[in-house]
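Below: one structure, written as structure tokens.
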Ligand SMILES: [Mn+2]
């Protein structure tokens, strides 16, 4: 057992004999082997990774800290483990099981005297482990961020009148993969002009025009770890209103980052950013939360949202990403990822944020 697995078992409620994990992110977290169709069954004595023949060879080579069991019939192997370890109750990874899949497992284990607990308790325990990142995890996030920044810097050189949002998003993805990314953190967002008023707009055939804001919300993944960054530029010359909106978002973002430190509540980080936007006269135009945790998933705990009393701790990685969105006009968002430290934070983003006219 590695320390993550033994910590998990130590946090399991007393009446639970085992935990059953099936999501690719969490199997990867505990075994270093991502598998979206495997069963990581962790008893108090031993971790078993049950996979079928499609994954058996790779799991044998790459999965750590667990006994890999190649199954032909899942119920047979579950039976062996349940009887050998005297398993009576199994915590299911509630966020990863569909109702049907949970029912199938319940029917498999019931004949051997075991029952499943279908609540959020296992997810809460895992979230508590994953929320603080090790130096190794931060290193992977940092690498993903480097790939993202290099890809964006190169893509900016390709921007000219007539280039479409889809072209820009596709270029970015290609460059990220060429630079060693496993993939993209989410469908990359490249928006121009009026579409920037939609925080998660979808890139289309709209093209870059003089005087437009161009917004990129992008991220690559590296060894399973995500990056997340947003930059907004002006193509051509910015007018006075664009400058005012942009600089208000920038100052809000800097205020948010300045508020981050071990022991600070997420709600206070949100407030530091949001107050500046409200006081500048844009109240109501910043609809989403200020940020979120990033790691094996693009959005994970903690949520940096209004009034949250969740306390930041050293080693957590969060985004700070305020924005102003003026419907049918345009929007601006600026986003960095930071690592929380005892007296502040380390910014993982290095690309400049001053208003840039391309
Ligand atoms: Mn984000």
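Laboratory data are not the source of any read-out in this text; all were calculated from the coordinates shown. Note that the structure is a prediction, hence the values are computed from the model and not measured. Reconstructed Cβ throughout: ideal geometry from the backbone, glycine too, with neighbour counts over all protein chains shown.
Exactly one residue among 245, 163 is touching a residue at least 60 places away in the same chain (Cβ under 8 Å) and more than 16 Å from the ligand (Cβ to nearest atom), and that residue is 245. Just give me the residues in segment 203-237 being within 16 Å of the ligand (Cβ to nearest atom) and within 23 Å of residue 287 (Cα to Cα), in sequence order. 215, 216, 217, 218, 219, 227, 228, 229, 230, 231, 232 - these are the residues of segment 203-237 that are within 16 Å of the ligand (Cβ to nearest atom) and within 23 Å of residue 287 (Cα to Cα). Going residue by residue through segment 342-353, is there one that turns out to be within 13 Å of the ligand (Cβ to nearest atom), touching a residue at least 24 places away in the same chain (Cβ under 8 Å) and either outside any strand (DSSP E or B) or closer than 30 Å to residue 95 by Cα (or both)? Yes, segment 342-353 contains at least one residue that is within 13 Å of the ligand (Cβ to nearest atom), touching a residue at least 24 places away in the same chain (Cβ under 8 Å) and either outside any strand (DSSP E or B) or closer than 30 Å to residue 95 by Cα (or both). In segment 303-332, which residues are outside any loop (DSSP other than H, G, I, E, B), surrounded by fewer than 24 Cβ atoms within 10 Å (Cβ to Cβ) and within 13 Å of the ligand (Cβ to nearest atom)? If the condition is that a residue be outside any loop (DSSP other than H, G, I, E, B), surrounded by fewer than 24 Cβ atoms within 10 Å (Cβ to Cβ) and within 13 Å of the ligand (Cβ to nearest atom), then 303 is the only one that fits. When 33, 11 are checked against the criterion of being surrounded by fewer than 19 Cβ atoms within 10 Å (Cβ to Cβ) and under 25 Å from the mean Cα position of the chain (by Cα), a single residue qualifies: 11. Exactly one residue out of 292, 299 is within 14 Å of the ligand (Cβ to nearest atom), free of Cβ contacts under 8 Å to residues at least 24 places away in the same chain and closer than 23 Å to residue 137 by Cα: that is 299. Of all the listed residues (141, 126, 159), the sole one being buried (at least 20 other Cβ atoms within 10 Å of the Cβ) and either touching a helix residue (DSSP H, G or I) at 6+ places or on another chain (Cβ under 9 Å) or not in a helix (DSSP H, G or I) (or both) is 126.
Within segment 275-289, the residues that satisfy the criterion of being within 16 Å of the ligand (Cβ to nearest atom) and touching a helix residue (DSSP H, G or I) at 6+ places or on another chain (Cβ under 7 Å) are 286, 289. Taken together, 272, 252 contain a single residue that is away from the ligand (no atom under 16 Å from the Cβ), touching a helix residue (DSSP H, G or I) at 6+ places or on another chain (Cβ under 7 Å) and part of a helix (DSSP H, G or I), which is 272.
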